[in-house]
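Novice: Supplied in structure tokens, the structure appears directly below.
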Amino acid sequence: MNHFPGKIAGLGTLTLALAACGHVQQAPTAAAPVTVQDSTLKVGNNVVPFRDSGGAGTPVVFLHAASGKSQMWVHQIPAFTAAGYRFIAIDWRQPNPGHRTGTSSTILIEAVMQKLGVDKFHVVGSAAGGGAAFQYALEHPAKVRSLVIANSIGFVTDSDYLKMGERTRPAPQFNALPVEFRELGPAYRAANPEGTARWNALAYPFVPAAPTLNPQPAAAARSDGKADATAAPKPVLGNGSNVDVTFAKLETLRMPVFLITGDADLYTPAPVLRQFGRHIKHAELAVFPETGHSAYWEQPEMFNRRVIDFLGKH
């Protein structure tokens, strides 16, 4: 695969992958199969499923898209464990917005990591999971070794950014499209009907809500960090967390960040990726060819290789 890295003022390094890579599933490794343990954790009124390969490797936490769950990372398990990493995937949000209890997604993620006894790790988030990754990194920056944000609108709430989203994805017309049309690129759907069917079987047909206030907000905290029942509750946003993401806040991130999108991503086209790059110091950027909104699934070999290379540097 040929890469043409180029320095763009204020953007970091943008790599446009031009070689066509076949949409094939991750090749099996010659090593013994890794057993991933499926577990659940009760957090308040929430039951949080998560998957963990265990082991002594550096942990990598995977956060799925809104239209998905932790099982969506099936193509990543053999590659990352073979590279020596501990694979952890968390169902960080309820599939149905009506099931929300007001508990912030960052609290759910942190509860799982505390349960596992892991205090520093890489975070990989796809689509809405990328927004959750930003939220977690803003709330717990010392715990995040690096961030990989793929195909994500990032849950940014700046008004001009939200207006741009309305122009590029006009509702309700956009939301009325089949979920596989919105989230899998045309090249993948054309070449991989079986993979498309498998993705559909795993994905939840759920469109992320616009940032609005949840009617059941999380409890506010006093200055000493303890819950304060007398204070006005801290609102939980419609994206499932009480952490408000803005471009100004993203400029405060100091951990390494790798931003990925696909050249056929209807949510995060390359200009949007570059907009994020302007606000995140030293971010690396990559645009995958013939790829829509699910790079981890549509181009697993490329995704795994590029992310593992990035993690290896940090």
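Novice: To the nearest 0.05, how large is the calculated FRET efficiency for D244 and R145 if R₀ is 25 Å and r is the Cβ-Cβ distance? Before the final figure, lay out the partial values.
Specialist: Numbers: r = 24 Å, r/R0 = 0.95.
It comes out at approximately 0.60.
Novice: Right, here's the next one. Rounded to the nearest Å, what's the spacing between the alpha carbon centres of segment 280-307 and segment 253-276? Just the number, please.
Specialist: Here the two parts' Cα centres lie 9 Å apart.
Novice: If you don't mind, another one. How big, on average over all directions, is the shadow cast by the Cα convex hull of segment 80-182, in nm²?
Specialist: Numbers: hull surface 34.0 nm².
Mean projected area of the Cα convex hull: 8.5 nm².
Novice: Okay, moving on. Could you sort the peptides 296-307, 175-186, 276-287, 56-67 by per-residue average Cβ neighbour count (10 Å cutoff), highest mean leading?
Specialist: Ranked from most to least packed, the peptides come out as 296-307, 56-67, 276-287, 175-186.
Novice: Then there's this: Per 0.36 nm of contour for each residue apart, how much would the distance between K313 and Q71 grow if the chain were fully extended, relative to their Cα-Cα spacing? Numbers along the way, then the final one.
Specialist: Numbers: separation 242, 0.36 × 242 = 87.12 nm, distance 2.71 nm.
Gain on extension, K313 to Q71, equals 84.4 nm.
Novice: Could you give the length gained by full extension between E110 and N200, i.e. 0.36 nm per residue of separation minus their alpha carbon distance, to one decimal place? The partial results should precede the final answer.
Specialist: Details: separation 90, 0.36 × 90 = 32.40 nm, distance 2.89 nm.
The E110-N200 span can extend by a further 29.5 nm.
Novice: Using 0.36 nm per residue of separation minus the Cα-Cα distance, give me the extension gain between D38 and T252 in nm, one decimal. Please list the in-between numbers first.
Specialist: Details: separation 214, 0.36 × 214 = 77.04 nm, distance 3.49 nm.
Gain on extension, D38 to T252, equals 73.5 nm.
Novice: What FRET efficiency comes out for the pair A190/K163, r = Cβ-Cβ distance, R0 = 22 Å, nearest 0.05? Mind showing how you got there, number by number?
Specialist: On the way: r = 33 Å, r/R0 = 1.48.
According to the calculation, E is roughly 0.10.
None of the figures in this text is laboratory data; all of them are computed from the coordinates on show. Nothing here was measured: the structure is a model prediction, and the numbers come from that model. All Cβ positions, glycine included, derive from the backbone under ideal geometry; neighbour counts span all protein chains shown.
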